[in-house]
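Input: a single structure, listed below in structure tokens.
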Amino acid sequence: MSHRISRATLPVMSPGVERAHLVHRFGAPGARPKAYLQAGIHADEIPGLLVLHHLLGRLIAADAAGAIAGEVIVVPFANPIGLGQRLRGELLGRFEFDGGENFNRNFPDLAETVAERVAGRLGDVAEANVAIVREALVVALAERAAVTELDGQRLALTRLAIDADIVLDLHCDSESVMHLFVARALWPAAADLSAQIGSRVTMLADYSGGQPFDETFSRPWSVLAERFGARHPVPPACLAATVELRGSADVDDGLAEADARNLFRVLQRRGVVAGDPGPLPEPLCEATPFEGVGHVVAPAPGIVAYRRHPGDRVEKGEVVADLVDPTAEDPASARTPLLSPTAGILFGRDRLKFARPGNRVCKIAGADPLPGREPGKLMTD
């Protein structure tokens with residue numbers, strides 16, 4: 001059996017407080033394909049933690065049967081800092097208390113550094129170029145040092161995954177259907193992932209902005225292909241994706257076991273684990289541009305009374321919710337209709353039903369890019 005467990009300790013910021021990641025490894029180090037999976041970088045997004053609990057059981061059984069063909073690394077909770085952040089009993093794991101940073105932003109951007117280092121070293125064989133780029137990524141990351149606990153967390157997670165063939169970062173939304181974010185350069189090669197997990201909305205973007213975890217692994221290949229691809233082939237060698245496991249309240253053993261089964265089949269289909277994954281399910285959606293996501297925003301404070309639900313198809317200009325003013329003296333004039341800015345799938349909405357001006361109420365994924373939605377400016381905190 002190849003299953004090993006280790007702990008990666010983070011820099012200590014206060015005497016007596018030491019945090020660490022729990023790391024599960026399967027297969028021979030350096031074996032290909034290599035897959036990396038983590039959950040809970042936003043520590044208050046719990047569904048992924050339960051999914052990886054179930055997936056680890058499947059991987060342990062596969063390891064006992066000698067079915068781990070490549071290498072698998074699983075970090076079942078990626079943010080021990082955030083898991084310790086409670087305010088009056090509520091877990092608040094999206095932003096770090098100390099500096100206010102989003103835990104899924106500002107991961108290392110190695111694209112330009114690696115581009116400089118591999119210039120003049122690449123050749124005509126794509127497979128050889130991939131090996132050269134991976135070596136440069138590992139070396140560039142090894143040269144970085146962490147001072148703060150948050151920097152240490154980012155570096156620790158990135159080092160575990162930097163040379164992987166597959167990187168899956170498990171998240172959830174507030175109230176939503178299953179959806180997926182993946183680099184445009186990885187489509188349609190990633191269509192098997194979208195279909196297998198039952199994604200209802202799959203959004204494509206090469207550069208969303210803010211340097212989230214998944215783009216640390218997909219973006220270098222896109223930058224290098226654009227810079228050297230005409231002379232030296234550089235394929236998109238890492239399937240890196242953010243998997244949104246429905247809503248934050250969807251913490252359920254049945255759902256989690258089914259999701260783990262689908263992720264296990266993804267690993268089988270990609271050759272990381274031996275065995276027959278069965279027929280690929282029919283896709284539930286076609287990919288759409290991340291630039292096509294329209295946000296419905298509250299213009300005033302009020303109660304949000306939704307008319308449409310996650311997964312519903314809506315038309316441009318359709319009323320998706322009413323904003324109810326509780327201070328209105330006449331109930332007949334208390335409602336302001338909130339309209340969809342595009343036609344598409346309403347894939348996410350806010351579970352908090354009282355909005356302030358400027359709050360995003362819900363999100364609709366459309367097929368066409370919208371004005372003002374530009375690469376590098378697509379993410380919201």
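The numbers here are math on the coordinates, done by the rules we state, and not lab data. Keep in mind that what you see is a predicted model, and the values were worked out from it rather than measured. Every residue, glycine as well, gets a Cβ built from its backbone with ideal geometry; the counts of neighbours run over all protein chains shown.
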**Asked** Which of the lysines could a cross-linker bridge to Lys363, judged by Cα under 22 Å and excluding same-chain residues fewer than eight apart?
**Response** Lys316, Lys353, Lys377
**Cα-centred dipole magnitude for segment 290-366, charges only on beta-carbon of K, R (+1) and D, E (-1), debye, nearest 20** = 300 debye
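Taking the Cβ of Met1 as the centre, find all other residues whose Cβ is under 12 Å away and add up their charges (Lys, Arg: +1; Asp, Glu: -1).
That sum, taken over residues with Cβ under 12 Å, equals +1.
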**Complete:** quick shape note, segment 1-103: Cα extents on principal axes in Å, largest first -> 46, 28, 21
**Message:** I want to verify a result. In a Gaussian network model of the chain, Cα cutoff 10 Å, which of these has the top mean-square fluctuation: Glu101, Glu318, Glu143?
**Reply:** Glu143
**Message:** Please report the net charge: other residues with Cβ closer than 11 Å to the Cβ of Gly93, K and R +1, D and E -1.
**Reply:** -2
**Item:** For segment 236-355, Kirkwood radius (reciprocal of mean inverse C-alpha pair distance, Å)
**Value:** 17.8 Å
**Request:** Take the Cα pairs of segment 4-285, get the Kirkwood Rh, then feed it into Stokes-Einstein at 4 °C and 1.567 mPa s and tell me D in µm²/s.
**Result:** 67 µm²/s
**Asked** Suppose every K and R has +1 on its Cβ and every D and E has -1 on its Cβ; what is the size of the dipole of the chain about the Cα centre, in Debye to the nearest 20?
**Response** 440 debye
**Prompt:** When the convex hull of the Cα atoms of segment 69-192 is projected onto a plane and the area is averaged over all directions, what value comes out in nm²?
**Reply:** 10.7 nm²
**Complete:** For the chain, the helices passing both cut-offs (Cα extent along own axis of 15 Å or more, Kyte-Doolittle mean at least -0.5, full DSSP H runs) are 47-64, 126-142, 149-161, 215-228, 253-269
**Prompt:** If amide H atoms are built 1.01 Å from N in the plane of the peptide, which residues on other chains or at least 5 residues away come under 5 Å of the amide H of His171?
**Reply:** Val243, Glu244, Leu245
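Treating only the Cβ atoms of Lys and Arg (+1) and Asp and Glu (-1) as charged, compute the dipole magnitude of segment 110-239 about its Cα centre; round to the nearest 20 debye.
Once rounded to the nearest 20, the dipole reads 260 debye.
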**Message:** Show me the three semi-axes of the equivalent ellipsoid for segment 197-248, from the C-alpha gyration tensor (sqrt of 5 times each eigenvalue), largest first, rounded to whole Å.
**Reply:** 26, 12, 9
**Prompt:** Considering only DSSP beta bridges whose two residues both sit in segment 4-285, what percent are antiparallel, to the nearest 5?
**Reply:** 45 percent
**Message:** Starting from 0.36 nm per residue, how many nanometres of slack lie between Thr148 and Ala65 once their C-alpha separation is accounted for?
**Reply:** 25.7 nm
**Request:** Under a 10 Å cutoff between Cα atoms, tell me which one of Pro236, Pro220, Pro279 has the largest fluctuation in the Gaussian network model of the chain.
**Result:** Pro279
**Computed [θ] at 222 nm, helices only, for the chain once each DSSP H run of length n ≥ 4 contributes -39500 (n - 2.57)** = -8000 deg cm²/dmol
**Prompt:** What residue among Ala249, Gly57, Leu87 has its Cα farthest toward the positive end of the dipole of the chain, where the charges are +1 on Lys, Arg and -1 on Asp, Glu, each on the Cβ?
**Reply:** Gly57
**Complete:** Ranked on Cβ counts within 10 Å of their own Cβ, fewest leading, Leu52, Leu323, Leu378 go Leu378, Leu323, Leu52
